[in-house]
Amino acid sequence: MTHVAIVGGGPAGLSAALFVQKNGLDATVFDTDGTWMHKAHLFNYPGIGSVDGSAYLETLRAQVDSFGVDRKQGVEVTDVTADDGFTVSTADGDHEADYLVLATGADRGLAEELGCAFDGDVVEVGVEMETSIADAYATGAMVRAQEWQAVISAGDGAAAALNILSKEEGEHFHDFDVPADADAVFGGMGEE
Ligand SMILES: Cc1cc2nc3c(=O)[nH]c(=O)nc-3n(C[C@H](O)[C@H](O)[C@H](O)COP(=O)(O)OP(=O)(O)OC[C@H]3O[C@@H](n4cnc5c(N)ncnc54)[C@H](O)[C@@H]3O)c2cc1C
């Protein structure tokens, strides 16, 4: 099965995991829980009036878990290498992946180690969030000097995932659902 390794479990990483796993690929998220969301209260996330950052994260974690994402909470990625796919190293051992999504917030260390091209201080990506290394994506604060917002990170993760899904399909992929699908997803917590 195609495997997507995602480093970082904030809005960017979990959004990438959601889109990937929901559409039939296999996502693993490694996260040390240092997300800025624990310091935030959101009044600017479209569609949500007001939510504590940690509460938002709890809902998002439950959402990805409900789709079967392998969420390795508390596991730090110490190294990533590219050679016919990717090897993600942790204290527990190495994990192989076909695609890599870096979602480590402002920490650009792994992108630098991997050899991704930079534009000044930020990782260089296109609108698909793919880096200079094929099948490696960078999202969130590491691709922007400032303008750091949760909804932008979540969008970056979604864009990376859709590009991966499009590559796998061999044509543009749209993750479009309709009201009739609501009972079948997220534990039936959709439309009443
Ligand atoms: C005080 C404060 C208030 C804020 N208020 C708002 C607000 O009102 N509205 C808003 O939109 N945004 C707000 N933000 C910004 C918002 O929190 C960030 O834009 C958002 O969290 C970025 O998401 P991300 O997924 O890109 O990165 P993050 O949320 O930072 O997540 C990165 C994750 O990667 C993990 N990680 C890093 N390196 C590794 C590694 N090697 N291995 C495994 N895991 C790793 C980290 O532990 C972390 O959990 C606020 C931020 C702060 C600090």
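Among the numbered criteria (1) on the phi < 0 side of the Ramachandran plot; (2) small (G, A, S); (3) under 18 Å from the mean Cα position of the chain (by Cα); (4) within 10 Å of the ligand (Cβ to nearest atom), which single criterion is violated by S66? Checking S66 against (1) on the phi < 0 side of the Ramachandran plot; (2) small (G, A, S); (3) under 18 Å from the mean Cα position of the chain (by Cα); (4) within 10 Å of the ligand (Cβ to nearest atom), the one that fails is (4). Filtering the stretch 131-163 to residues that are small (G, A, S) and either on the phi > 0 side of the Ramachandran plot or over 14 Å from the mean Cα position of the chain (by Cα) (or both) leaves S132, A134, G140, A145.
Scanning the stretch 164-175 for any residue that is surrounded by 20 or more Cβ atoms within 10 Å (Cβ to Cβ), more than 10 Å from the ligand (Cβ to nearest atom), under 12 Å from the mean Cα position of the chain (by Cα) and part of a helix (DSSP H, G or I) turns up at least one such residue. If the condition is being assigned to a strand (DSSP E or B) and without any contact (Cβ under 8 Å) to a residue 24 or more places away in the chain, then the stretch 52-79 contributes D52, T78. Here L162 passes the criteria (1) in contact (Cβ under 8 Å) with a residue 60 or more places away in the chain; (2) touching a strand residue (DSSP E or B) at 6+ places or on another chain (Cβ under 9 Å) except the one numbered (2).
Taken over the stretch 1-51, the criterion of being more than 8 Å from the ligand (Cβ to nearest atom), without any contact (Cβ under 8 Å) to a residue 60 or more places away in the chain and closer than 19 Å to Q73 by Cβ is satisfied by Q21, D26, A27, V29, H38.
State whether one or more residues within the stretch 53-62 are loosely packed, with under 15 Cβ neighbours inside 10 Å, within 10 Å of the ligand (Cβ to nearest atom) and modelled with pLDDT of 95 or more. The answer is no; no qualifying residue exists. How many of the residues in the stretch 26-45 are aliphatic (A, V, I, L, M) and part of a loop (DSSP other than H, G, I, E, B)? The qualifying residues number 1.
When the stretch 87-131 is limited to residues that are surrounded by fewer than 18 Cβ atoms within 10 Å (Cβ to Cβ), away from the ligand (no atom under 16 Å from the Cβ) and not acidic (D, E), the one that is nearest to A154 (Cα to Cα) turns out to be V127. Being in a helix (DSSP H, G or I), touching a residue at least 60 places away in the same chain (Cβ under 8 Å) and of a type in the set (A, V, I, L, M, F, W, C) is a description that does not apply to L100.
This table checks each residue for (1) in a loop (DSSP other than H, G, I, E, B); (2) over 27 Å from Y56 (Cβ atoms); (3) within 16 Å of the ligand (Cβ to nearest atom); (4) among the aliphatic types (A, V, I, L, M).
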residue	(1), (2), (3), (4)
A145	yes, no, yes, yes
W148	yes, no, yes, no
G155	no, no, yes, no
A158	no, no, yes, yes
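The values are calculated or read from the model by the stated rules, or taken from the named source; none is laboratory data. For clarity, every value in this text was computed on a predicted model and none was experimentally measured. Reconstructed Cβ throughout: ideal geometry from the backbone, glycine too, with neighbour counts over all protein chains shown.
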